[in-house]
Amino acid sequence: MAKHFGTAVLVKREGSMAIATLNRPDKLNAINRDMLEELTAFLDVIQTDKTLRSIIITAAGDKAFCVGADLKERQAMTEKDILQRFDQVHKLYTRLENLRVPVIAAVNGAALGGGLELALACDFRILANNAMVGLPEVSLAIIPGNGGTQRLARIVGMSKALEWVLFAKRLTAKEALDAGLVTQTADAAECLASAKAMAEALQEMGPLALGAAKKAIRQGIELPMQKALELETECYKSLISSKDRKEGIVAFLNKKKPNYTGE
Ligand code: COA
């Protein structure tokens with residue numbers, strides 16, 4: 001994988017971890033066409049990479065993770081272009097959410113609008129202590145339409161989602177942590193290191209098991225209980241004949257660290 005995947009998103013591989021850095025710090029990492037295309041290209045590459053175990057998404061600069069759509073670019077777009085862009089972002093975030101590997105957002109600064117929606121599509125969020133987050137779209141006479149209303153309500157519950165979205169609330173890191181919106185907080189300069197530590201902890205687990213657990217939880221929650229239990233069973237059974245399952249037992253019984261290969 002190229003170290004500099006593009007200019008709007010920098011991509012780096014560290015062992016079995018891929019790190020994508022949103023890279024328009026002077027525009028507070030607002031999502032413009034280039035950034036969207038590069039993020040899409042990033043997913044195209046990693047989606048087929050069987051050696052990958054985790055992904056971190058973070059951003060350049062010390063002010064913002066991402067402030068959502070580039071509103072200057074948006075102003076010059078036709079309604080048709082806006083709808084097309086909307087579909088692209090929607091697909092991108094859904095693909096991100098459905099990746100086999102765990103995805104961690106190292107939210108090192110403000111995450112607003114589509115920036116928070118990006119983080120909501122990740123499995124875990126680490127938020128800088130001094131950062132604010134929110135979905136302020138209604139103050140711009142639109143709604144959070146790239147999964148924001150749905151993912152936020154599923155993560156923090158309907159009551160908070162209604163309050164935060166309808167009042168265009170900007171939350172402190174403490175409020176976000178208390179509500180369960182983020183997994184943990186850290187000093188801004190430590191966000192990436194905390195995300196890497198989290199990724200390393202995940203790398204100790206069976207990779208197929210992580211994918212199966214993620215699928216069972218993410219897809220199961222959308223189903224009626226009986227169907228959800230059937231999905232869980234299917235995910236469980238998919239691991240029975242894996243080499244890693246046997247390796248896990250042998251390593252445990254021999255008091256050794258398992259060497260999981262994802263087979
Ligand atoms: N799109 C494009 N450019 C943006 C932007 C956006 N969403 N948000 C900020 N910027 C640009 C500003 O225009 C400014 O550029 P300039 O220096 O060329 O004028 C630069 O980023 C810095 O922003 P600024 O507002 O001056 O910084 P600040 O520290 O005073 O405030 C925020 C930071 C995040 C509080 C403020 O920028 C903000 O509220 N942004 C809007 C976020 C938003 O509503 N997003 C939802 C979109 S649906």
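The values are calculated or read from the model by the stated rules, or taken from the named source; none is laboratory data. A quick note: this is a predicted structure, and the numbers were derived from the prediction, not measured. Because the Cβ atoms are built from the backbone with ideal geometry, glycine has one as well, and the counts that use them run over all protein chains shown. Note: accessible area is taken over every heavy atom of the protein model, side chains too, but ligands, DNA and RNA are not part of it. Shrake-Rupley method; radii C 1.70, N 1.55, O 1.52, S 1.80 Å.
What the table below lists for this structure:
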| quantity | calculated |
| --- | --- |
| Enumerated helices (runs of 4 or more DSSP H) restricted to the range 203-263, each holding at least 1 residues that are open to solvent by 100 Å² or more (accessible area, probe 1.4 Å) and more than 19 Å from S54 (Cα to Cα) | 225-240, 243-253 |
| Which listed residue is among the small types (G, A, S), outside any strand (DSSP E or B) and assigned by TED's automatic domain parsing to the domain that holds L28, from A106, A131 | A131 |
| Selection status of E97, acidic (D, E), within 30 Å of L208 (Cβ to Cβ) and open to solvent by 10 Å² or more (accessible area, probe 1.4 Å) | yes |
| Given (1) within 17 Å of the chain's Cα centre (by Cα); (2) in a loop (DSSP other than H, G, I, E, B), number of the condition T185 does not satisfy | (2) |
| Hey, T183 of a type in the set (V, I, T), open to solvent by 30 Å² or more (accessible area, probe 1.4 Å) and closer than 23 Å to A20 by Cβ or not | yes |
| Among the candidates A193, A186, A179, A161, residue that is within 18 Å of S54 (Cβ to Cβ), without any contact (Cβ under 8 Å) to a residue 24 or more places away in the chain and assigned by TED's automatic domain parsing to the domain that holds L118 | A193 |
| Total residues in the range 137-148, condition crowded, with 19+ Cβ neighbours inside 10 Å and either polar (S, T, N, Q) or near the ligand (Cβ under 10 Å from one of its atoms) (or both) | 4 |
| Residue identified as crowded, with 24+ Cβ neighbours inside 10 Å, away from the ligand (no atom under 13 Å from the Cβ) and in contact (Cβ under 8 Å) with a residue 24 or more places away in the chain among R125, R151 | R125 |
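For (1) of a type in the set (S, T, N, Q); (2) surrounded by fewer than 16 Cβ atoms within 10 Å (Cβ to Cβ), each residue gets a yes or a no:
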site	(1), (2)
G6	no, no
K12	no, yes
A18	no, no
D26	no, yes
N32	yes, no
L39	no, no
I55	no, no
A60	no, no
K63	no, no
